[in-house]
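Report on the following structure.
The values are calculated or read from the model by the stated rules, or taken from the named source; none is laboratory data. Predicted, not measured: the structure shown is a model, and the values here were computed from it. Every residue, glycine among them, receives a Cβ derived from its backbone with ideal geometry; neighbour counts consider all protein chains shown.
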Amino acid sequence: AGPCDIYASGGTPCVAAHSTTRALFSAFSGSLYQVKRGSDGATTNIAPLSAGGVANAAAQDSFCSGTTCLITTIFDQSGRGNHLTAAPPGGAASGPNAGGVDDTAAADGAPVTLNGQKAYGVFVSPGTGYRNDATNGIAVGDAAEGMYAVLDGTHFNGGCCFDYGNGETSARDTGNGHMEAIYFGNSGVWGTGSGSGPWIMADLENGLFSGLNVKNNPADPTITNRFITAVVKGQPNNWSIRGGNAASGSLSTFYSGARPNASGYNPMHKEGAIILGIGGDNSISAQGTFYEGVMTSGFPSEATENSVQANIVAARYATTSMTSGPAISVGSHVSLRATTACCTTRFIAHTGSAVNTQVVSSSSASALKLQASWNVVAGLGNSACVSFESRDTPGSFLRHANFVLLVNANDNSKQFKEDATFCPKVGLNGQGNSIRAWGYPTRSFRHFNNSLFVASNGGPNTFDTTSTYNDDVSFVVSTAFA
Ligand code: AHR
Ligand code: AHR
């Protein structure tokens, strides 16, 4: 049985079921998600390998070979057509794209295995969001509903709001109680739990709630497992937060009881849109990774949720390599040569904090050689990837800010470490490596007018142009000049 078969047996059927990694009904063999590739704009749908099984990641890999791919649709497996697509602009923010539409996720941004088979999650960077404002069967008003999501417990931030669940149909903040969604992250603006986060909380609009109190509820723990199961459910004047390790063990109940001590949340005023990766008003500052999740009709029992947790554990989520292509080994010293026809004698170098390409050779001055040489260290923000320390400025690293590549001193902040972490993959033009920003897997090192950016293929910035993209993001990595 799949999670939604279990919810159905419990009398609280799935009315939305989203996953890019596996079928959530044992009989489901339809499309899990759609990807769109950068080379020609073509799309394809990815289905499970067999009914009830893991997504056919190999089909994606082959369709996306030598180009970029984005997850354009996450299909609803429940049969109700509650599919998720790029979110429209909202009251809080417009997305980065034409018409204010949010970004969509890199199709290969969150690789994992399930029972040893490769699959991809949905890596949400700030600016990324999915939504459906015209749903079927999702709870409205004070009606009962349940939901769970499997998330990456190590990918979070304090921005508003990495959510999955019930939001406003207008993408506007229409008041307290107009949302009921799972939140995961370490925002301390509204509620908090014990420790420093991240926490599973409920986004009920104009507040992230960790229990009965509006601010702190110490029974809601900091949760840091690589894979987490997060549960939020609500019914008239009663709701719960539950959670646990999605890779082993059982769920714990972090809160169960009355609606929060604040006006507007009892009764609730749910509107029934579905959001992923954003707040109800399209607040787009948050990050996180989503693997699977559902919304139910009715308030699921703990016994039903415990069976769903056992099913998730049996799916055996596990990590896999975040890199591909020629090895860029920790401890090595490297120089990175451009491969675009204009520029094959140019290497990534820095002039102070600015990062550029410069013509460097074995006969160059030693100062220039050092400017074009980098120590490869374990990724400051994720040790599955790497960081590049300047050879002539120890303690300073390549990092992006506003998608411009810079050399800056490590200030030890979470933001710096993440901005300085890169996951090399096989070069998009077949040469060397494309060096992806860990926090923005749609974006890779790109030289553009001899300056360095982290660029996406056809994004909103001038340096995102599709023209010569594959060549501009492919660098041959060799032993350092100095
Ligand atoms: O409740 C927290 C956030 O507040 C909601 O997600 C958003 O709609 C509002 O800005
Ligand atoms: O480069 C993109 C983002 O811009 C970085 O993550 C952040 O430091 C800045 O806001």
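Here are some notes:
- Candidates His155, His178, filtered to the one that is within 16 Å of ligand 2 (Cβ to nearest atom) and not small (Gly, Ala, Ser): His155
- Which listed residue is under 22 Å from Pro88 (Cβ atoms), at pLDDT 95 or above and among the polar types (S, T, N, Q), from Asn157, Asn115, Asn176, Asn136: Asn136
Listed here are the residues, each with its yes/no results for (1) among the acidic types (Asp, Glu); (2) touching a Leu at 6+ places or on another chain (Cβ under 7 Å); (3) assigned to a strand (DSSP E or B); (4) at pLDDT below 95.
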| position | (1), (2), (3), (4) |
| --- | --- |
| Glu418 | yes, no, no, no |
| Lys425 | no, no, yes, no |
| Ser467 | no, no, no, no |
| Ala482 | no, yes, no, no |
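- Evaluated against (1) more than 19 Å from Ser444 (Cβ to Cβ); (2) assigned to a strand (DSSP E or B); (3) among the hydrophobic types (A, V, I, L, M, F, W, C), Phe123 falls short on exactly one condition, (1).
- Checking Asn429, Asn375, Asn408 one by one, the residue that is assigned to a strand (DSSP E or B), among the polar types (S, T, N, Q) and either without any contact (Cβ under 8 Å) to a residue 24 or more places away in the chain or more than 16 Å from ligand 2 (Cβ to nearest atom) (or both) is Asn375 and no other.
- Residues located in the stretch 232-284, provided they are basic (Lys, Arg) and either farther than 20 Å from Gly91 by Cα or surrounded by fewer than 24 Cβ atoms within 10 Å (Cβ to Cβ) (or both): Lys233, Arg242, Arg259
- The stretch 24-38: number of residues that are free of Cβ contacts under 8 Å to residues at least 40 places away in the same chain and hydroxyl-bearing (Ser, Thr, Tyr): 2
- Taken together, Val360, Val355 contain a single residue that is among the β-branched types (Val, Ile, Thr) and within 29 Å of the chain's Cα centre (by Cα), which is Val355.
- Filter result (buried (at least 24 other Cβ atoms within 10 Å of the Cβ) and aliphatic (A, V, I, L, M)) within the stretch 129-143: Ile138, Ala139
- Number of positions in the stretch 292-301 that are surrounded by fewer than 24 Cβ atoms within 10 Å (Cβ to Cβ) and part of a strand (DSSP E or B): 1
- Within the stretch 152-170, residues that are more than 10 Å from Phe184 (Cα to Cα) and of a type in the set (Ser, Thr, Tyr) have Cβ atoms under 8 Å from residues that are part of a loop (DSSP other than H, G, I, E, B) and within 16 Å of ligand 2 (Cβ to nearest atom) in these pairs: Thr154/Asn382, counting only partners at least 6 apart in sequence or on another chain.
- With respect to (1) within 21 Å of Asp392 (Cα to Cα); (2) in a helix (DSSP H, G or I), the lone exception for Phe463 is condition (1).
- Flag for Thr229 being of a type in the set (S, T, N, Q) and more than 15 Å from Glu305 (Cβ to Cβ): no
- Scanning the stretch 449-456 for any residue that is surrounded by fewer than 20 Cβ atoms within 10 Å (Cβ to Cβ), more than 16 Å from ligand 1 (Cβ to nearest atom) and in a loop (DSSP other than H, G, I, E, B) turns up at least one such residue.
- When Thr323, Thr304, Thr289, Thr340 are screened for being over 21 Å from Pro13 (Cα atoms), surrounded by 17 or more Cβ atoms within 10 Å (Cβ to Cβ), more than 25 Å from the chain's Cα centre (by Cα) and not basic (Lys, Arg), only Thr340 passes.
- Within the stretch 399-420, tally of residues that are within 18 Å of Thr351 (Cβ to Cβ) and either within 16 Å of ligand 1 (Cβ to nearest atom) or surrounded by fewer than 14 Cβ atoms within 10 Å (Cβ to Cβ) (or both): 1
- Within the stretch 377-401, tally of residues that are within 18 Å of the chain's Cα centre (by Cα) and more than 23 Å from Ala480 (Cα to Cα): 2
- Beta carbons closer than 7 Å, at least 6 apart along the sequence or on distinct chains, pair a first residue in the stretch 46-68 that is free of Cβ contacts under 8 Å to residues at least 12 places away in the same chain with a second that is not β-branched (Val, Ile, Thr) for Asn56/Ala47; Asn56/Pro48; Asn56/Leu49.
- Among the residues of the stretch 276-288, those identified as more than 8 Å from ligand 1 (Cβ to nearest atom) and in contact with a strand residue (DSSP E or B) (Cβ under 7 Å, 6 or more places away or on another chain) are Leu276, Gly277, Ala286, Gln287, Gly288.
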